[in-house]
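As structure tokens, the structure follows; a few thoughts come after it.
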Amino acid sequence: MTEFLSQLTKDLHGKWVERLFGPAFLFWAGGLLLRIGPQNLPAKWEELAALPLVTQTALLIGAVLVLAASDRLAEALGFRILRFLEGYWGWPRPLAAWRARWRQKGIQKARQRWSALMEKQMEGKLTWRERSELSRLEARRHYTPRDEEDLTPTRLGDILRTAETRPRQRYGLDPVLLWPHLWLLLPEDIRDNLSVARQQMDRMAQAWFWGLLFSLWAIGAWPSVKVFLLVLALALVWMLVAYFLLLQAACTFADLLMATFDTQRWRLYEALRWPLPTESGPTEIATGEALTRFIQRGFADPPVKYHSAGE
């Protein structure tokens, strides 16, 4: 019991430190610094130190509550923020369509270049630079949807769309529909790894959002052009770094999701008492599609004979 309470206290302490001194803290601290002015900071600190202890305590509690509420609000908006960064844009639909078409052209060129380099590799004629280029193209290809109609307006959207479509293309299983069922069957360590990867992705999306909000402090810096541009530059760097880290987190999550279907998809068949696919390729895809339809509609055509456990 003592060990459990110690671990619980440790976890809560870590979460509160991250919550209070994360992106929300940087946002409010930066805004306060701009409001006071760096040159006036020592004088303001002395004024704060001269206040009664009760007043200081009230101000500290108020600041903590503001930070906690701000962080909680960003967390509540996390799903919408992530969807926006994936390219699911509501009102600028023409912009999203144009962006997707523009990215399709670039991906087509990359695939043509990959094909040319693969031919040279088979002939043993690749130079050192071409081998490096082929490695980069292979890595990018791994996180790009196979079908062009599945491409999204953003790189983040492509990474996550790849994880959503590859199990269907390889095994006939729709990961979006079947994920809740498979999640219930996964071992605890796999679920923990997936949860950590998803939380990291959500945190980076929220960090990007705080960087976007930080740019609003530039309005208060006007008419000082230097401060105005400095705030915008800091916000831009903040957003770029957060988005880069978000892409890395998304790659990790996508790899784990695809690996989960590669290694754990049998649990779906066993839990539903369906016969396991007898071979890979079209046979497994057809069986997976039938299982997906069964979960979606509640029946199979033709009916499937259930297998007893261990059969």
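The values are calculated or read from the model by the stated rules, or taken from the named source; none is laboratory data. No experiment lies behind these values; they were computed from the predicted model shown. Note that we place each Cβ from the backbone using ideal geometry, even for glycine, and neighbour counts take in every protein chain shown.
Checking each residue in segment 150-179 for being in contact (Cβ under 8 Å) with a residue 24 or more places away in the chain and among the β-branched types (Val, Ile, Thr) picks out THR152, THR154, ILE159, THR162.
Quick grid of which residues meet (1) modelled with pLDDT under 85; (2) surrounded by 15 or more Cβ atoms within 10 Å (Cβ to Cβ); (3) within 30 Å of ARG155 (Cβ to Cβ):
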site: LEU34; (1), (2), (3): yes, yes, no
site: PRO42; (1), (2), (3): yes, no, no
site: VAL66; (1), (2), (3): no, no, no
site: LEU73; (1), (2), (3): no, no, yes
site: TRP98; (1), (2), (3): yes, no, yes
site: MET118; (1), (2), (3): yes, no, yes
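From the list LEU246, LEU234, the one residue that fits, being modelled with pLDDT of 95 or more and out of contact with any strand residue (DSSP E or B) (no Cβ under 6 Å at 6 or more places or on another chain), is LEU246.
Go through segment 40-73 and give me each residue that's among the hydrophobic types (A, V, I, L, M, F, W, C), over 30 Å from ALA207 (Cβ atoms) and assigned to a helix (DSSP H, G or I).
The first filter runs over segment 40-73 and keeps only residues among the hydrophobic types (A, V, I, L, M, F, W, C), leaving 41, 43, 45, 48-51, 53-54, 58-61, 63-69, 73.
Cutting the leftovers down to over 30 Å from ALA207 (Cβ atoms) gives us 43, 49-51, 53-54.
Within segment 40-73, ALA43, ALA49, ALA50, LEU53, VAL54 qualify.
The set of residues in segment 281-299 that are closer than 16 Å to GLU270 by Cβ and of a type in the set (Asp, Glu) contains only GLU284.
Yes/no per residue for (1) more than 18 Å from ALA259 (Cβ to Cβ); (2) in the same structural domain as LEU34 (by TED's automatic domain parsing); (3) free of Cβ contacts under 8 Å to residues at least 60 places away in the same chain; (4) basic (Lys, Arg):
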position	(1), (2), (3), (4)
HIS181	no, no, no, no
SER195	no, no, yes, no
ASP202	yes, no, no, no
GLY211	yes, no, no, no
SER224	yes, no, yes, no
VAL227	yes, no, no, no
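Taking GLU149 as the residue in question, decide whether it is within 22 Å of ILE285 (Cα to Cα) and exposed (fewer than 14 other Cβ atoms within 10 Å of the Cβ). In short, yes.
The rows are residues; the columns are (1) assigned to a loop (DSSP other than H, G, I, E, B); (2) more than 27 Å from SER280 (Cβ to Cβ); (3) in contact with a helix residue (DSSP H, G or I) (Cβ under 6 Å, 6 or more places away or on another chain); (4) outside the structural domain of GLU284 (by TED's automatic domain parsing).
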| residue | (1), (2), (3), (4) |
| --- | --- |
| TRP89 | yes, yes, yes, no |
| SER115 | no, no, no, no |
| ARG131 | no, yes, no, no |
| ILE159 | no, no, yes, no |
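Which of the residues belonging to segment 285-297 are exposed (fewer than 14 other Cβ atoms within 10 Å of the Cβ) and polar (S, T, N, Q)? Matches in segment 285-297: GLN296 only.
Residue-wise test of (1) in contact with a Leu (Cβ under 9 Å, 6 or more places away or on another chain); (2) closer than 30 Å to GLN206 by Cβ; (3) in the same structural domain as LEU184 (by TED's automatic domain parsing); (4) surrounded by 14 or more Cβ atoms within 10 Å (Cβ to Cβ).
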site	(1), (2), (3), (4)
LEU240	no, yes, yes, no
LEU246	yes, yes, yes, yes
ALA249	no, yes, yes, yes
LEU256	yes, yes, yes, yes
LEU268	yes, no, yes, yes
LEU272	yes, no, yes, yes
THR283	no, no, yes, no
PRO303	no, no, no, no
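In this entry, LYS105 is excluded by the filter for residues that are exposed (fewer than 11 other Cβ atoms within 10 Å of the Cβ), at negative phi and outside any helix (DSSP H, G or I).
Residues satisfying the criterion are absent from segment 172-191 (criterion: assigned to a helix (DSSP H, G or I), closer than 21 Å to ALA290 by Cβ and among the basic types (Lys, Arg)). When ARG83, ARG93, ARG111 are checked against the criterion of being in the same structural domain as LEU151 (by TED's automatic domain parsing), modelled with pLDDT of 85 or more and more than 23 Å from TRP28 (Cβ to Cβ), a single residue qualifies: ARG83.
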